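Everything on this sheet refers to the single structure shown next.
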Amino acid sequence: MTIPKPTEAYDPLTAEVRQTLFRECQYLSAEEKETLEQACAFAFVAHKQQVRKSGEPYITHPIAVTIELARWRMDLHTLCAGLLHDVMEDAQIKKSVLAERFGATVAEMVDGLSKLEKLEFNDQAEHQAESFRKLILAMTKDVRVIIVKLSDRLHNMRTLGAKSAPSRRRIATETLEIYAPIANRLGLNHVYRELQDLSFYAMYPTRYRVLKSAMTAFKKNRCDVIERVLHEMNLCLVGHNIEAQIRGREKNLYGIHQKMLAKKKKFEELDDIYGFRIVVNNVSTCYAALGALHSLYQPKPGKFKDFIAIPKSNGYKSLHTTLNGPYGLPIQVQIRTREMNRIAESGIASHWAASDHAGKEDENQIRTNQWLQNILDLQSRSANAIEFLEHVKVDLFPNEMYITTPKGKILTLPRGASVIDFAYAVHTDVGHRCVGAKVNNITVPLRTRLKTGDTVEILTSPNGKPNPAWLNFTASSRARSAIRSYIKSANREDAVALGERLLAGALSSLLPKQVAESETLKEKYLKFLENNGREWEDVLYNVGVGLTMPVSVAMDIANLAGDYMGGAVKLSPIHIGNGINGHIHLGKCCMPLPGDAVRGIIAKDQGLIIHRDNCNLLLKSPHDQQLDADWSGFESNDKLYDAALVVSSVDTHALLAAMASAISDVGGNIASVDTLSKSQAGTEGFIEFRFNINVHDAEQLNRITAALHKIPQVRKVSRI
Ligand code: MN
């Protein structure tokens, strides 16, 4: 292959872009420029026969890619790889030829950027995934490979118009899912935002245009305010002797669109479309500027974020605050140093920038290396290229994590998700019945938060059922809605069961059992209600939650039956058993315990409330809403009930300790102690304590009372 003499052989368009490239490459040495010239000529010859979809000579593409790389101030190797990035794939140039001409480093980079031979694969997805894996592995060896790839993608996206609609959409999706997040991960912020906006335009051109014109109108309308804020901020900073650059800053259209979707808001309702960036000389000035601005406009509470003290995972550092500006306009402000600004805009690319930082391992590079190491781990854990691609995609979205099932299936969960979220992600039934879990083979509580890479095995039991407390440690909407709807239907079942018990009890003294339970009578009653669509279950539910009284329902039914026995309605007692939850509750006023003599009150919307039979509330409530109740069927278990004791005693040293040990000796659990009163009676001081205790039943409380009475100073022990 002959290398053409520069300028002569180039067509006018190529000559023009080539000139632009060399204008951007002023930072290179003369010798480096010479090498770049050779690479340019080599690529020109290699792509000689090729044209782009738009009709332009193909060589304009690699040159445009390299111009962008030069704007990021990348080194010579990267620039050469940019010029040559398509010669292996499109012109079948051998890697060994490149190595001989431009050195092994450039040849390795171009090889990493070349897709695998299509013929080797069964389908396109596999070809894509394997080629992507090759690219990513090349990146883990030399991160400059992906920087060239990002520049390549950026130019392809900028010139996407020439492609067909389906391939535009496919390329845009891939850009949003993979390349834009990679740019973000590497801190190439401007590339990240531009890739997002270009993809957004390719996928939703109309929405893009509408938002763009809304943005233009917004800036025009707010022009005066923006000017005024700029002016006031400037005066303020100068007044505080702070040297700073203030610039207006707008969110990218894709970011605005995402925010509108996430917050279900209109463009006009967003308050962070426009903001200001303040660049100062050093870190302490950042905080000084923050203080100065907070004295100018009032800061909005909860909006200050210190990403200098705690940088973001891609190395981003800045102070963020939101101020109440003129006319109540919220003003977002970012404050950072020049160095932070450079990293915020160019990220890892700033490492190769021609400056004194080149070659030095900075924080940002260490962070990138950690990420690359993580990618290698993902690779070793993936069964095949398609799975690897999935893993990388998940890794690129920091708000998601992926968890593996024992069989190797990967589930995506939001950050902060627990074992419960995982169980519901497997299947709703697995969630409903989960009773325990193993994370990485270790048994853990259900509330355990998961992290990316965990392998989780869920233990289920046929008797397992969701607990409302689970809502406190679930992060996924799927788990939360499943738990909520279960609780709702379970409460209904409880209420229906209680209603059935209450109604059967009320009917037992009025009708023979077989008559009371006949379907025709139930239908008659439903017809009598003249409420179309109401089911028998609804009748029971209403009784169960206290909306209708069992006695009145029973009387109506008995009248309809005709063979009304004529006796007075007598409700049979309710056997509480272990039914405390659902629609049987314990009164908070008298705190009854299993074993106490009790009665029930049917309360509207609450179901049956159990009170001790000497509770004042029983005297006040209508008798037809009351019901005899007993504890038959109750079996003691782990469940603890609240009780309260008031103890009057002579006040002496170490009294409280003596009482506490008396209570705990009998197995009582002290939840809290209050001192109620201290009184002088003669020479002896009296004191009154209230103990809130958790016990299993009334019998245990009696033993506690007896134990307290054994303390010589104690004069009186009473339940509340
Ligand atoms: Mn390309």
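The values are calculated or read from the model by the stated rules, or taken from the named source; none is laboratory data. The shown structure was predicted, so the numbers you read here are calculated from the model rather than taken from an experiment. Every residue, glycine as well, gets a Cβ built from its backbone with ideal geometry; the counts of neighbours run over all protein chains shown. Side chains are part of the model used for accessible areas, which takes the heavy atoms of the whole protein and leaves out ligands, DNA and RNA. Shrake-Rupley method; radii C 1.70, N 1.55, O 1.52, S 1.80 Å.
Of note:
- All of (1) of a type in the set (D, E); (2) within 26 Å of G328 (Cα to Cα); (3) free of Cβ contacts under 8 Å to residues at least 60 places away in the same chain hold for E243 with one exception: (2).
- Within segment 93-125, restricting attention to residues that are within 16 Å of the ligand (Cβ to nearest atom) and over 46 Å from the mean Cα position of the chain (by Cα), the residue that is surrounded by the most Cβ atoms within 10 Å (Cβ to Cβ) is L98.
- Residue in segment 549-560 that is closer than 23 Å to L608 by Cα, in contact with a Phe, Trp or Tyr (Cβ under 7 Å, 6 or more places away or on another chain) and not assigned by TED's automatic domain parsing to the domain that holds S621 present: no
- Among (1) within 16 Å of the ligand (Cβ to nearest atom); (2) open to solvent by 10 Å² or more (accessible area, probe 1.4 Å); (3) modelled with pLDDT of 90 or more, the one test that A30 misses: (1)
- Output for segment 597-639, where each listed residue is within 18 Å of D494 (Cβ to Cβ) and crowded, with 19+ Cβ neighbours inside 10 Å: G600, I601, I602, G607, L608, I609, I610, L627, A629
- Here is the figure for segment 476-525: residues that are surrounded by fewer than 17 Cβ atoms within 10 Å (Cβ to Cβ), in contact with a helix residue (DSSP H, G or I) (Cβ under 9 Å, 6 or more places away or on another chain) and among the β-branched types (V, I, T) total 1.
- Residue list for segment 367-387, restricted to those being open to solvent by 30 Å² or more (accessible area, probe 1.4 Å) and closer than 16 Å to A349 by Cβ: R367, N369
- Extreme residue, modelled with the lowest pLDDT, among residues of segment 300-329 that are more than 24 Å from L186 (Cα to Cα) and buried (at least 17 other Cβ atoms within 10 Å of the Cβ): G325
- Residue within segment 120-133 that is among the aliphatic types (A, V, I, L, M) and in a helix (DSSP H, G or I) present: yes
- All of (1) part of a helix (DSSP H, G or I); (2) open to solvent by 10 Å² or more (accessible area, probe 1.4 Å) hold for A43 with one exception: (2).
- Top-ranked residue of segment 136-145 - restricted to ones that are in a helix (DSSP H, G or I) and either open to solvent by 20 Å² or more (accessible area, probe 1.4 Å) or in contact with a Gly (Cβ under 6 Å, 6 or more places away or on another chain) (or both), ranked as nearest to the ligand (Cβ to nearest atom): V145
- Given (1) more than 22 Å from the chain's Cα centre (by Cα); (2) in contact (Cβ under 8 Å) with a residue 12 or more places away in the chain; (3) over 30 Å from K134 (Cβ atoms), number of the condition I442 does not satisfy: (2)
- A15 at pLDDT below 90, part of a helix (DSSP H, G or I), in the same structural domain as H85 (by TED's automatic domain parsing) and more than 50 Å from the chain's Cα centre (by Cα): yes
- Residue selected from segment 186-222 under the condition among the charged types (D, E, K, R) and farther than 19 Å from L261 by Cβ, by the criterion surrounded by the most Cβ atoms within 10 Å (Cβ to Cβ): E194
- Matching option when the condition is in contact with a Leu (Cβ under 7 Å, 6 or more places away or on another chain), within 16 Å of the ligand (Cβ to nearest atom), open to solvent by less than 60 Å² (accessible area, probe 1.4 Å) and touching a residue at least 40 places away in the same chain (Cβ under 8 Å), among V225, V148: V148
- Taking the criterion of being assigned to a helix (DSSP H, G or I) and within 15 Å of the ligand (Cβ to nearest atom), the residues of segment 154-170 that qualify are L154, H155, N156, M157, R158, L160, A162, S167.
- Applying the criterion of being among the polar types (S, T, N, Q) and assigned to a loop (DSSP other than H, G, I, E, B) to the residues of segment 49-77, the residue that is farthest from the ligand (Cβ to nearest atom) is Q49.
- Looking across segment 634-664, the residues that are acidic (D, E) and modelled with pLDDT under 85 come down to E635, D638, D651.
- Identity of the residue in segment 412-445, surrounded by fewer than 19 Cβ atoms within 10 Å (Cβ to Cβ) and in contact with a Phe, Trp or Tyr (Cβ under 8 Å, 6 or more places away or on another chain), that ends up farthest from S485 (Cα to Cα): T412
- Selection of first residues in segment 691-719 that are farther than 17 Å from S648 by Cα and of second residues that are assigned to a helix (DSSP H, G or I), restricted to Cβ pairs under 6 Å at least 6 apart or on distinct chains, gives the following pairs, ordered by first then second residue: V695/L701.
- Search result, residues across segment 78-90 that are in a helix (DSSP H, G or I) and either away from the ligand (no atom under 12 Å from the Cβ) or surrounded by 19 or more Cβ atoms within 10 Å (Cβ to Cβ) (or both): T78, L79, C80, A81, G82, L83, L84, V87, M88
- Residue list for segment 162-183, restricted to those being touching a residue at least 12 places away in the same chain (Cβ under 8 Å) and among the small types (G, A, S): A162, A172, A180, A183
- Condition check for I178: more than 13 Å from the ligand (Cβ to nearest atom), of a type in the set (V, I, T) and either within 22 Å of L69 (Cα to Cα) or crowded, with 23+ Cβ neighbours inside 10 Å (or both): yes
- Index of the failed condition, I693 passing every other in (1) of a type in the set (A, V, I, L, M); (2) closer than 30 Å to Y541 by Cα; (3) open to solvent by less than 30 Å² (accessible area, probe 1.4 Å); (4) within 48 Å of the chain's Cα centre (by Cα): (2)
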